[in-house]
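Worksheet for the structure shown next.
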Number of protein chains: 2
Amino acid sequence: MRISIIGAGRVAFHLAQGLNGQHELVQIYSRSFAKAEQLASKFKAQAINAPELLHSEIDLLIIAVSDQSIRSVIEQVHAYLPDVLIVHTSGSTHLNVLQDVHPRSGVFYPLQTFSLERDIDWSNTPLFIEADNAEDQEKLHDLANSLSNRVYHYSSEQRLSLHLAAVFACNFSNYCYDMAKQIVDAEQVDFSLLYPLILETAHKATENDPRQMQTGPAMRGDQNILNMHQQMLANRQRADLQNVYQLLSQQILEHHQK
Amino acid sequence: MRISIIGAGRVAFHLAQGLNGQHELVQIYSRSFAKAEQLASKFKAQAINAPELLHSEIDLLIIAVSDQSIRSVIEQVHAYLPDVLIVHTSGSTHLNVLQDVHPRSGVFYPLQTFSLERDIDWSNTPLFIEADNAEDQEKLHDLANSLSNRVYHYSSEQRLSLHLAAVFACNFSNYCYDMAKQIVDAEQVDFSLLYPLILETAHKATENDPRQMQTGPAMRGDQNILNMHQQMLANRQRADLQNVYQLLSQQILEHHQK
C-alpha cells in the first residue's frame, strides 16, 4: 500500500518503522517541517507541512496526532483527499469524529505504550480496526495482518472501554512505580531493588486473575501495618501519597471482603 | 546450617525450597499439624505443632508468619531456644519486636511477591539482613549469599521504607490491573489484550525513570479524554473506579506540571 502519515510523534515514528519495507511511505506531514523532515528522511518519504501539498494518489492516510487535534486535522485535509481512506490511531476517539467530515474513514488502533527509546514488537501488538464500509474494513485488516498476528474488529464503544482499562493497567500502574521511586529516593535507597518485584507482579497478572494475585497489608486486613504506613507518609509530609495509600487500601480491603 | 522454620505459608514454603539441599531443614512448626506435615514431608523435616517440641540443637530459627503474629510467636518460643539465633522475614516489622524478647535476633527479608503457583528465582531476589550483633550478621550474610547474589545490610528504618515503596510498586499496581480487568470484563472484552501493555509498562519502568515513562491523558493534560473517562465510569455506576481515576489523574497532572 502507498501510505502517508500525518504526525511526527511517537506513534507516527513506530508505525512508520513497522510499515516501512512492506509498504511505501509516501509523505510525512507535520506542522513543523523540521519534525516531518526528521521522520521522513529515515524512510525515504517526502516531508511536508501544509495540507495542500498532500498527494492524493495514495491508498491510505494515517492520522497519528494527539486525540484533541484529530477533528481539526480531518477538517483541514478532507478537501484535498476526498476519495482516500483516512484512519486515526486513537483508542479514545470515536470513528464518527472522522465520519462526520469524511465518508471513507476508519480506525487503526495499536494497543501499546510507545516511547522513542524502545522498539515495538509489532507482531504481538494487538491492533483494533474499524471502518465505515466492508471494503475498507478488509483493506485495513490486510494492512494490520502485515504488521501483527493479533488483529481485532472492534466497535468504537468496545475500543473506548479497552482504552479506559489501559489507563488503569498502564498509566496508573506506571504512576504507582513513580510513587514507589519517590519514596525510596527520599531515603537514598536504590529503586532498582524493586525491579524483580515489579516484573514478577506484572508477569503474575498476565498468567492469573490479578484479583487472585493480590497481596499486601490491605488484602490481609492488617490494620497495624496500614496505620504504620499512613504515619510514615504523614511524617514525610506527603499528603499526596497518603491520599493514594488510603483510597487504594480501602478499596482493596472492601473488594476482598466481598 | 541446621534450620527450623515457624510457619507453613507461602514465604515458609519458598524459603524451605530455596534452602533445601544446601542446608538441613530440621523442623517445621505450625499451629496446624496438617499444614506443618504437608510442608515438612516435602523436605524430610519433622512436623511439629507445639513450641515445647522445638529442637534447640539448631543454628537458626526462621519465623515466617504473618506480621501481626511475630510478637506472640517470639514470646512463645524464646524460653525453649534462649541461645539460638532467631530471625523474622518481614519487611515491615522492626528488629526490636524480636530484640525486646530475645537477644540473639535478626531479620532475613526477601523482597519478592510469593505465590504458591510460581517458582521464585532466588538468585535474583534481593535479601535484606539485619542482626543484633556482628557475628550473627555475618552468619546471616553467609546464609543469604548461599541463596542470592543480591544481599544487603539494611537498618530497620531503611527496610520499612523499602517495604512501603513495595506496597505502591507491587500491591497497588496489581490493584490497577484488577481494576482494568473489571472494566473490560463488564464489556465482554478479553483482559489478555492488555498483557503486552502491562508487561511493556513494567519493563520500561525497570529500564528508565518511571516519571519519564509516564503516558496517558492526565500526563498530556487532555481534559476532553479525562472528562469522557469520568463520564464512562459514572454511567457504569462505578464510583469506586471514578474516585481512583480522579485522584491519580489529578496527581499525575500536578506532578508533571511542576
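The values are calculated or read from the model by the stated rules, or taken from the named source; none is laboratory data. Source: prediction; values computed, not measured. No Cβ is skipped: glycine too gets one built from the backbone with ideal geometry, and neighbour counts run over all protein chains shown. Areas reflect the complete protein model, heavy atoms only, side chains present, ligands, DNA and RNA absent. Shrake-Rupley method; radii C 1.70, N 1.55, O 1.52, S 1.80 Å.
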**OP:** State which residue is farthest from B:LEU140 (Cα to Cα) when the search covers only region B:28-58 and only residues that are in contact (Cβ under 8 Å) with a residue 24 or more places away in the chain and acidic (Asp, Glu).
**Re:** B:GLU52
Original post:
Of all residues in region B:73-102 being assigned to a loop (DSSP other than H, G, I, E, B) and of a type in the set (Asp, Glu), which is surrounded by the fewest Cβ atoms within 10 Å (Cβ to Cβ)?
Top reply: B:ASP83
**OP:** Hey, can you tell me all the residues within region A:3-33 that are among the hydroxyl-bearing types (Ser, Thr, Tyr) and open to solvent by 10 Å² or more (accessible area, probe 1.4 Å)?
**Re:** A:TYR29, A:SER30, A:SER32
**OP:** Just one of (1) part of a helix (DSSP H, G or I); (2) touching a strand residue (DSSP E or B) at 6+ places or on another chain (Cβ under 9 Å); (3) open to solvent by 10 Å² or more (accessible area, probe 1.4 Å) trips up A:ALA36, so point out which.
**Re:** (3)
Original post:
Does region B:145-163 hold any residues that are within 14 Å of another protein chain (Cβ to nearest Cβ) and assigned to a helix (DSSP H, G or I), and which are they?
Top reply: B:LEU147, B:SER156, B:GLU157, B:GLN158, B:ARG159, B:LEU160, B:SER161, B:LEU162, B:HIS163
Original post:
If a residue has to be open to solvent by less than 60 Å² (accessible area, probe 1.4 Å) and within 30 Å of B:LEU164 (Cβ to Cβ) to count, how many in region B:40-68 make the cut?
Top reply: 8
**OP:** Give the residue that is least open to solvent (accessible area, probe 1.4 Å), with candidates limited to residues of region A:166-202 that are more than 7 Å from chain B (Cβ to nearest Cβ) and at negative phi.
**Re:** A:PHE191
**OP:** Scan region B:227-248 residue by residue and report those that are open to solvent by less than 10 Å² (accessible area, probe 1.4 Å) and more than 7 Å from every other protein chain (Cβ to nearest Cβ).
**Re:** B:LEU233, B:LEU241, B:TYR245
Original post:
Out of B:LEU25, B:LEU116, B:LEU61, which single residue is in contact (Cβ under 8 Å) with a residue 40 or more places away in the chain, over 17 Å from the mean Cα position of the chain (by Cα) and outside any helix (DSSP H, G or I)?
Top reply: B:LEU61
